[in-house]
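Okay, so here's the structure we're looking at.
Computed from the coordinates by the stated procedures, all read-outs in this text should not be read as laboratory data. The shown structure was predicted, so the numbers you read here are calculated from the model rather than taken from an experiment. Positions of Cβ are backbone-derived with ideal geometry, glycine not excepted, and every protein chain shown enters the neighbour counts.
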There are 2 protein chains.
Amino acid sequence: MYDNFIAYINRQLTKPLTEEEIEIIKSAFTYKKLRKHQYLLQEGEVCKMAGFVIKGALKQYTIDKAGKENIIALLIDNWWAGDRESFVKDEPSAFYIDAFEETEMFVFTKNVYNETLSHQPFFKELLMILSEKHTFRLLKRIHATNTQTAEQRLMELENSYPAFFQKFPQHIIASYLGMTKETLSRIRANAAKR
Amino acid sequence: MYDNFIAYINRQLTKPLTEEEIEIIKSAFTYKKLRKHQYLLQEGEVCKMAGFVIKGALKQYTIDKAGKENIIALLIDNWWAGDRESFVKDEPSAFYIDAFEETEMFVFTKNVYNETLSHQPFFKELLMILSEKHTFRLLKRIHATNTQTAEQRLMELENSYPAFFQKFPQHIIASYLGMTKETLSRIRANAAKR
DNA sequence: CGTTTGCTTGAATTCTGTCAAAGCAGGTGG
DNA sequence: CCACCTGCTTTGACAGAATTCAAGCAAACG
C-alpha cells in the first residue's frame with residue numbers, strides 16, 4: 001500500500017530511505033479517504049493535518065464577500081495538500097481545501113509531526129526539497145502573470161499540467177489562472193479559429 | 001561589523017547561535033560592496049553567489065525581446081538576494097539582479113555553501129525558515145493579483161513595504177506589481193481626487 | 001423527467017496598455 | 001552660473017482586453 005509513496009519519496013531524496021525510516025513513515029502517515037466535496041480544511045480552522053495525495057483531486061481556495069471562489073491551488077495525484085502557514089504558525093487558515101472528486105491520501109497530524117517527523121533528518125531534507133520546488137513554481141507563476149497574456153498562460157498550463165484539464169472543469173481552471181470562465185471560453189474559441 | 005547580521009539571524013532561529021557558529025558565519029560570509037548599476041547576477045550565468053543585503057537596494061528582473069524589464073523582486077536592507085533555483089540546480093539563471101543604489105552585502109559562494117554551510121544544522125534551519133516565509137509571501141502575491149484590483153494591491157504594498165517607495169521610482173514599482181507606469185500614475189491621481 | 005452543472009455567446013462597460021507629448025526635477029559639464 | 005541632459009512622472013487619445021450581466025444550450029445526474 002505504501003510502495004508508491006515510498007518510491008515517490010525516494011525519487012525526491014538524495015539517498016534512499018532506510019528500512020527504519022520506512023517504518024517511521026508507515027507509522028506516521030495514515031490512510032485517509034475523502035468523499036467528493038469533503039473538506040480537508042476550512043477557513044478559520046487551524047490546519048492540523050496535511051498530507052500526500054495518492055489519487056484524486058482537491059482545490060484550495062478562498063471565498064470573498066460576494067461568495068465567489070478564488071482558486072489558489074489545484075492538487076492532484078502525487079501532490080501535497082495542506083496550508084503550511086497555518087500548520088506551522090498554529091494560526092487560523094485563510095483557505096478552504098476540499099475534495100473535488102473522491103480522494104485518497106496519506107496524512108500526518110501536527111502531533112505526529114512535532115513528536116516524530118520533525119526530528120527525522122530525511123523528513124527535514126524532504127521538506128526542504130519540496131519547499132524549494134514549490135517556491136520555484138510560485139515564482140514562475142508570478143512572473144507569468146506579469147509578463148504573459150491570458151492565452152499564453154492557458155497554453156502553458158495545458159502543456160505543463162494536462163491532468164488539470166482532465167480533472168477540473170474550465171471555470172475552476174479559469175479561477176486558478178486568475179480570469180473569468182467567460183474569458184477562458186473566448187480564448188479557446190479564438191484559438192480554435194486560427 | 002557582523003553584529004547586526006548575527007542579531008538578524010538570531011531573530012529568525014529558535015535558539016541563539018553558539019560562539020562556534022558565529023565564527024563559522026564570519027568565515028563563510030564575506031563583505032561585498034556593489035556600485036550602483038553593478039550586476040550581482042546576469043541572465044544565462046549560473047548563480048554562484050548569494051547573500052544578505054546589509055544596506056542598499058537591488059532589483060531582480062528579466063528582459064523580454066522588446067527590451068522591457070520585468071521586475072520579479074525588489075531587495076532592500078535585511079533581504080536575501082540571489083537566484084536559488086540557479087544556485088541549487090547549477091543551471092543558467094533566467095534573471096538579472098543588479099544594484100539600484102550602492103549596496104553592501106554579506107555573500108557566500110557555492111563552494112563555501114557546499115563545503116561548510118550546507119552541513120551546519122543552524123544554517124539548514126535558517127534556510128528552511130526563510131524558505132517558508134518566502135513561500136507564504138509568494139502565495140499571497142499570487143492570491144492578491146487574482147482577487148484584488150490594481151489599486152488595492154498598490155495600497156497594500158504601500159502599507160506593507162513603504163521602504164520600497166523610498167528606494168525605487170514608480171516605474172519600477174509598477175513593473176513589480178505587474179502594471180505599467182501610466183496605470184500606476186493614474187491610480188494615484190484618481191485616489192488623490194477622493 | 002426535471003434539475004443541476006458546465007460551457008458558450010452577445011452586448012455593454014470598465015480597465016489597462018500603447019503611443020506620443022510635455023513637464024519637472026537634479027546633476028553634469030562647459 | 002547657465003544650458004543641457006537624463007531619469008522620472010503625468011496626461012491625453014485611442015485601441016485592445018477582460019469583466020459583468022444576461023440568456024441559452026447541452027450533457028450529466030439523481
Out of everything in region B:66-79 that is within 12 Å of chain A (Cβ to nearest Cβ) and not small (Gly, Ala, Ser), what residue ends up being surrounded by the most Cβ atoms within 10 Å (Cβ to Cβ)?
B:72
Give region B:169-194 a look and list any residue that's near DNA strand D (Cβ under 8 Å from one of its atoms) and not β-branched (Val, Ile, Thr), or say none.
B:169, B:170, B:171, B:174, B:181, B:182, B:184, B:185, B:186, B:188, B:189
Quick check: is even one residue across region A:22-37 out of contact with any Gly (no Cβ under 6 Å at 6 or more places or on another chain), buried (at least 17 other Cβ atoms within 10 Å of the Cβ) and assigned to a loop (DSSP other than H, G, I, E, B)?
yes
List pairs: first in region B:117-135 and more than 9 Å from chain A (Cβ to nearest Cβ), second part of a helix (DSSP H, G or I) and exposed (fewer than 15 other Cβ atoms within 10 Å of the Cβ), Cβ under 8 Å, 6+ apart or cross-chain?
B:126/B:12; B:129/B:12; B:130/B:12
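Among B:112, B:88, which is in a helix (DSSP H, G or I), within 13 Å of another protein chain (Cβ to nearest Cβ), among the aliphatic types (A, V, I, L, M) and touching a helix residue (DSSP H, G or I) at 6+ places or on another chain (Cβ under 9 Å)? I'd like the intermediate steps shown before the answer.
Values: B:112 fails: within 13 Å of another protein chain (Cβ to nearest Cβ).
Of B:112, B:88, the one residue that is in a helix (DSSP H, G or I), within 13 Å of another protein chain (Cβ to nearest Cβ), among the aliphatic types (A, V, I, L, M) and touching a helix residue (DSSP H, G or I) at 6+ places or on another chain (Cβ under 9 Å) is B:88.
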Looking only at region B:154-177, which residues are crowded, with 19+ Cβ neighbours inside 10 Å and of a type outside the set (Phe, Trp, Tyr)?
B:154, B:167, B:172, B:173, B:174, B:175, B:177
I'm checking my understanding of the structure. Among residues of region B:136-151 that are more than 7 Å from every other protein chain (Cβ to nearest Cβ) and closer than 19 Å to residue A:82 by Cα, which one is surrounded by the fewest Cβ atoms within 10 Å (Cβ to Cβ)?
B:137
Output the residue which, of all residues in region B:14-46 that are in contact with a Leu (Cβ under 7 Å, 6 or more places away or on another chain) and over 30 Å from residue A:89 (Cβ atoms), is farthest from the other protein chains (Cβ to nearest Cβ).
B:34
Name every residue in region A:1-17 that is of a type outside the set (A, V, I, L, M, F, W, C) and either closer than 13 Å to residue A:97 by Cβ or free of Cβ contacts under 8 Å to residues at least 12 places away in the same chain (or both), in order of residue number.
A:3, A:10, A:11, A:15, A:16
Mind listing whichever residues of region B:149-169 are in a helix (DSSP H, G or I) and away from DNA strand C (no atom under 11 Å from the Cβ)?
B:155, B:156, B:157, B:158, B:159, B:160, B:162, B:163, B:164, B:165, B:166, B:167
Residue in region A:173-184 that is within 14 Å of residue A:75 (Cα to Cα), within 13 Å of another protein chain (Cβ to nearest Cβ) and near DNA strand C (Cβ under 10 Å from one of its atoms) present
yes
Just give me the residues in region A:39-63 being within 22 Å of residue A:27 (Cβ to Cβ) and among the β-branched types (Val, Ile, Thr), in sequence order.
A:53, A:54
When region B:157-184 is checked residue by residue, the ones that are more than 16 Å from residue B:71 (Cβ to Cβ) and in contact with a helix residue (DSSP H, G or I) (Cβ under 7 Å, 6 or more places away or on another chain) are B:158
